[in-house]
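Notes follow once the structure below has been shown.
The values are calculated or read from the model by the stated rules, or taken from the named source; none is laboratory data. Only a predicted model underlies this, so the values are computations on that prediction, with no experimental measurement involved. For neighbour counting, all protein chains shown are included, and Cβ atoms are generated from backbone atoms with ideal geometry for every residue, glycine included. With ligands, DNA and RNA removed, areas are computed over all heavy atoms of the protein, side chains included. Shrake-Rupley method; radii C 1.70, N 1.55, O 1.52, S 1.80 Å.
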Amino acid sequence: MFIQTESTPNPATLKFLPGQTVLEAGTADFPSAETADASPLATRIFAIDGATGVFLGNDFVTVTKDDGTDWDHIKPAILGAIMEHFQSGQPVMAENGQQAGGHATHDGPDGEIVVQIKELLDTRVRPAVAQDGGDITFHGFERGVVYLHMQGACAGCPSSTLTLKMGIENLLRHYIPEVVEVRPIA
């Protein structure tokens, strides 16, 4: 098994490409070791000192490290953990593990606007963000403000504010005049 790595716009996050499917559908975000019970793979990665976040996509694993850890020290251990996991035959997600990857539902008067927002996110934003090892999903729409949830490499990325304001906000405002602002949720 050969695992490729790619840098992301977030210097604290690396994208690992194992050359096979990680998740059949959706994504799974584990922002801490305490949230990783649903994934044997994420649990294995969190056992490595310095790993602080794991995000699983269709064909990649994104790992975030703490500020005091150097990639030269942690990267070989992560590569080993991913390789061991896939060779073990264990599932990536436990049977009761919940996967996300979808947008929040919206029950309200702006249903048609929300459908347009989700469509633009799915066709224009999410594929590009996945290339960088992350995901952005719809969380809500209220009084012209779109609330988005940033995951994986996008969470805590120094350029995420620029991506939200200059990229996503401008795109949504161009196609949907009702959108006045885009904000991240914590």
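Data overview
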quantity: Subset of region 161-186 that is surrounded by fewer than 20 Cβ atoms within 10 Å (Cβ to Cβ) and among the polar types (S, T, N, Q) - its residue that is nearest to residue 113 (Cα to Cα); calculated: 170
quantity: Count - residues of region 171-186 that are farther than 19 Å from residue 143 by Cβ and either modelled with pLDDT under 90 or of a type in the set (Asp, Glu) (or both); calculated: 1
quantity: The lone exception for residue 114 - which of (1) under 27 Å from residue 13 (Cβ atoms); (2) in a helix (DSSP H, G or I); (3) in contact (Cβ under 8 Å) with a residue 24 or more places away in the chain; (4) open to solvent by less than 80 Å² (accessible area, probe 1.4 Å) it fails; calculated: (1)
quantity: Any chance residue 129 is on the phi < 0 side of the Ramachandran plot and modelled with pLDDT of 85 or more; calculated: no
quantity: Boolean, residue 153 is open to solvent by less than 20 Å² (accessible area, probe 1.4 Å), within 23 Å of residue 7 (Cβ to Cβ) and aliphatic (A, V, I, L, M); calculated: yes
quantity: Selection within region 117-148 - under 20 Å from residue 63 (Cβ atoms) and open to solvent by 50 Å² or more (accessible area, probe 1.4 Å); calculated: 131, 132
